[in-house]
Amino acid sequence: RRAPPAGSPWSVEDILAEGEEQDRVPLQKLQLLGESEELRALLLNPHLRQLLLTVNQAEDKSALMKKYMQEPLFVEFADCCLRIVEPPEKENIVPE
């Protein structure tokens with residue numbers, strides 16, 4: 001797929017290949033990421049910001065992600081994002 005020209009509007013369809021539909025996160029959930037104080041605090045870390053920039057600019061993002069998933073700071077970031085878009089099931093809660 002060709003990336004749209006810089007500065008032009010893009011859609012999720014521009015970056016998702018066919019068959020990746022199940023990997024799509026609804027826009028409402030993605031907007032929660034921007035509202036998270038915990039995530040914002042993590043993103044103040046310059047080391048994490050550099051890791052994210054490197055992933056964004058990498059040719060082989062998949063291989064780099066595997067490497068970075070060994071970095072505790074990156075794992076903390078990924079876990080935080082997942083908790084926001086897929087909150088853990090409320091199990092082990094005793095009804096009143």
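The values are calculated or read from the model by the stated rules, or taken from the named source; none is laboratory data. If you're wondering where the values come from, they're calculated on a predicted model, not measured in any experiment. Note that we place each Cβ from the backbone using ideal geometry, even for glycine, and neighbour counts take in every protein chain shown. Side chains included, ligands, DNA and RNA excluded: accessible areas come from the protein's heavy atoms. Shrake-Rupley method; radii C 1.70, N 1.55, O 1.52, S 1.80 Å.
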field: Efficiency of FRET between ARG24 and HIS47 - r from beta-carbon atoms, R0 30 angstrom, step 0.05
entry: 0.55
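Return one whole number: the accessible area per residue of the stretch 26-85 in Å², for a 1.4 Å probe. Write out the running numbers ahead of the final one.
Numbers: 4280 Å² over 60 residues.
Accessible area per residue: 71 Å².
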- prompt: Taking N as the number of residues in the stretch 26-85, what is its Cα Rg relative to 2.2 N^0.38 Å?
  reply: 1.14
- request: Sticking with the crude label model, points 7 Å out along Cα→Cβ, report the distance from LEU32 to LEU73 in nm, one decimal please.
  value: 2.7
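So if each residue of separation counts as 0.36 nm, and I subtract the Cα-Cα distance between ALA63 and LEU39, what length gain in nm does that give? Please list the in-between numbers first.
On the way: separation 24, 0.36 × 24 = 8.64 nm, distance 2.40 nm.
Taking ALA63 through LEU39 to full extension adds about 6.2 nm, to one decimal.
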- request: Starting from the residue with the highest accessible area, list ASP60, ASP79 in decreasing order, probe 1.4 Å.
  value: ASP60, ASP79
